[in-house]
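The block underneath contains the structure these notes are about, expressed in structure tokens.
The values are calculated or read from the model by the stated rules, or taken from the named source; none is laboratory data. Since this is a predicted model, take the numbers as computed values, not measurements. Quick reminder, even Gly has a Cβ in these numbers, built from the backbone with ideal geometry, and neighbours come from all protein chains shown. The protein model used for the area step is the full one, side chains on, heavy atoms only, and it has no ligands, DNA or RNA in it. Shrake-Rupley method; radii C 1.70, N 1.55, O 1.52, S 1.80 Å.
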Amino acid sequence: MTATIMDGKRVAAEVKREVADKVRELQKKNINPQLSTVLVGDDPASSSYLKAKHKACQEIGIKSQNHHLPKETTQRELEALVWKLNTDPTVHGILVQLPLPGHLDENQIIERIVPYKDVDGLHPINAGKLASGVEVLVPCTPKGIIRLLTDYKVPIESRSVVIINRSNLVGRPLSMLFLNRDATVTICHSKTLSLIEKTRTADILVSAVGRENFRLTAKHVKPRAAVIDVGLSRVNGRLRGDVEFDEVSTVANYITPVPGGVGPMTVAMLLENTVQAARIQTSMA
């Protein structure tokens, strides 16, 4: 058996076409969706991620601007910029690129973004709505995973899902999205005992560890499962995921590649969230 490769680039291109249509609809009403990003410091990975996000915005007609601040930026200075963007009616989406330098309080910055401009979906109000079953602005990577599974018609209802991650960016919101779709969800993490026993129960297995010393192999995978690789690490200058792709492909029914799987979906969902935020704000006017 050879797994079907879930092509994130193809599905992301489809999402972009859909979002581009929505952008044109808004433009006919003299509404020009705009994303403002904030980068503090010069982390190469963060710079690369932002470059891809702005390029994608340009491709479909979303205006975007980046505010690049020095690493020494204070909490007060960063909060002042966020407040300025909050009150700018031409800005519909705000994304503060994480991680921030260690002296800055990420949670406090996220809470300073008004919920209806929080296109990362991390504000406690948006997270709380998701936890209560209401999906408004949802974190981009989890949202992209659900869209990818849906596009490939992978059943979710009544299926067993195991997620190896408990972060606010991936594991926690993704578990809520699966619960909203009537899956049975288990979250694993660094303190989980007997990991293989847990992962081999999964009809859908999501790994988002992203560490060089972690490898998800065929022995972790239930035959005919769908395996979603969110992990990203650099080994000898090359990007790789958590999953031993060739080995797991002989066991799984579906699998995502790295790169080209979840990554493009994350960017596409950011575009979708930006347009959704613009629509929310239009309805508030």
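What list of whole percents do you get for P(r) of segment 142-183, with Cα-Cα distances grouped in 10 Å bins up to the one holding the largest distance?
The distribution over segment 142-183 is 30, 61, 9, given as percents.
Would any residue of segment 224-266 have its amide N under 13 Å from a label point 7 Å out along Cα→Cβ of residue 1? List them or say none.
224-227, 248-255
Around residue 99, what is the net charge, scoring Lys/Arg as +1 and Asp/Glu as -1 over all other residues with Cβ under 9 Å from its Cβ?
Net charge around residue 99: -2.
Under a 5 Å amide H to amide H cut-off, with H placed in plane at 1.01 Å, what residues pair with residue 96 once short-range neighbours are removed?
38
With no solvent and one point per C-alpha, what does the Debye sum give as log10 I(q)/I(0) for segment 59-213 at q = 0.14 Å⁻¹?
Here log10 of I(q) over I(0) equals -0.81.
Exceeding 20 Å between C-alpha atoms, which entries from my cross-link table qualify? They are 22/51; 71/117; 191/222; 117/143; 16/129; 16/55.
Correct reply: 22/51; 71/117; 191/222; 16/129.
Gain in length, residue 98 to residue 200, computed as 0.36 nm per residue apart minus the alpha-carbon separation, to one decimal in nm?
On the way: separation 102, 0.36 × 102 = 36.72 nm, distance 3.23 nm.
Working it through step by step, the gained length comes to 33.5 nm.
Expressed in nm to one decimal, what extension gain is obtained for the pair residue 42 and residue 83 from 0.36 nm per residue of sequence separation less their Cα-Cα distance? Write down the numbers at each step before the final one.
On the way: separation 41, 0.36 × 41 = 14.76 nm, distance 2.25 nm.
Computed gain between residue 42 and residue 83 is 12.5 nm.
Once amide H atoms are built 1.01 Å from N in the peptide plane, which residues 5 or more positions from residue 4, or in another chain, come under 5 Å H to H?
Excluding prolines and chain starts, which carry no amide H, the hits are 254, 255.
Taking the alpha-carbon centroid of each part, what is the distance from segment 3-69 to segment 146-184 in angstrom?
Cα centroid of segment 3-69 versus Cα centroid of segment 146-184: 24 Å apart.
Take the alpha-carbon positions of segment 225-285, form their convex hull, and give its projected area averaged over all directions (one quarter of the hull surface) in nm².
Numbers: hull surface 23.1 nm².
Mean orientational projected area (segment 225-285, Cα hull): 5.8 nm².
How much length is gained on full extension from residue 283 to residue 151, taking 0.36 nm per residue of separation minus their Cα-Cα distance? Let's see the in-between values first.
Details: separation 132, 0.36 × 132 = 47.52 nm, distance 2.94 nm.
That pair, residue 283 and residue 151, stretches by 44.6 nm at full extension.
Pull out a ≥ b ≥ c, the square roots of the eigenvalues of the alpha-carbon gyration tensor of segment 110-170, then state rounded if a/c is under 1.5, prolate if not and a/b is larger than b/c, and oblate in the remaining case.
Taking the square roots of the gyration eigenvalues as a ≥ b ≥ c, segment 110-170 is prolate.
For the chain, what proportion of DSSP beta bridges, expressed in % and rounded to the nearest 5, is antiparallel?
That works out to approximately 10 percent antiparallel.
Could you work out how far apart the two model spin labels at residue 63 and residue 90 are, taking each label as a point 7 Å from the Cα in the direction of the beta carbon, and quote it in nm?
Taking the simple label geometry, residue 63 and residue 90 are separated by 0.4 nm.
List the relative contact order of the chain as a percent without decimals, with contacts defined as Cα pairs under 8 Å and 6+ residues apart.
Details: 552 pairs, mean separation 68.1, N = 285.
Result for the chain is 24 percent.
Which net charge results for the neighbourhood of residue 81, defined as the other residues with beta-carbon distances under 11 angstrom from its beta-carbon, given Lys and Arg at +1 and Asp and Glu at -1?
Result for the neighbourhood of residue 81: 0.
On the accessible surface of the chain, probed at 1.4 Å, how many percent belong to carbon and sulfur atoms? Working shown, then result.
Working: 6990 of 13720 Å².
Carbon with sulfur: 51 percent of the solvent-accessible area.
Considering only 232, 183, 141, whose Cα is most displaced toward the positive end of the charge dipole of the chain, charges sitting on Cβ of Lys, Arg (+1) and Asp, Glu (-1)?
Checked the options; the winner is 183.
When the distances between all Cα atoms of segment 1-95 are binned every 5 Å from zero, what whole-number percent does each bin get?
Here the calculated profile for segment 1-95 is 3, 11, 18, 18, 18, 12, 9, 6, 3, 2, 1, 0.
What does the charge count near residue 60 come to, summing +1 for each Lys or Arg and -1 for each Asp or Glu among other residues with Cβ under 14 Å from its Cβ?
Every neighbour counted, the sum reads +1.
Quickly work out the residue 131-to-residue 192 label distance, labels modelled 7 Å from Cα along the C-beta direction, and quote it in nm with one decimal.
Modelled inter-label distance: 2.0 nm.
Spin-label point model (7 Å from Cα, Cβ direction): what's the residue 28 to residue 239 distance in nm?
3.6
Normalised by the number of residues in segment 102-252, what is the relative contact order in percent for Cα pairs under 8 Å and 6+ residues apart?
Relative contact order, segment 102-252: 16 percent.
List the GluC sites (Glu not before Pro) within segment 50-88 that fall in a DSSP loop (any state other than H, G, I, E or B) and whose Cβ has at most 10 other Cβ atoms within 10 Å.
Values: sites: 59, 72, 77, 79; in loops: 72.
Passing both the DSSP loop test and the Cβ count: 72.
Using Cα pairs under 8 angstrom and six or more residues apart, how large is the relative contact order of segment 167-234, in percent?
Relative contact order here is 30 percent.
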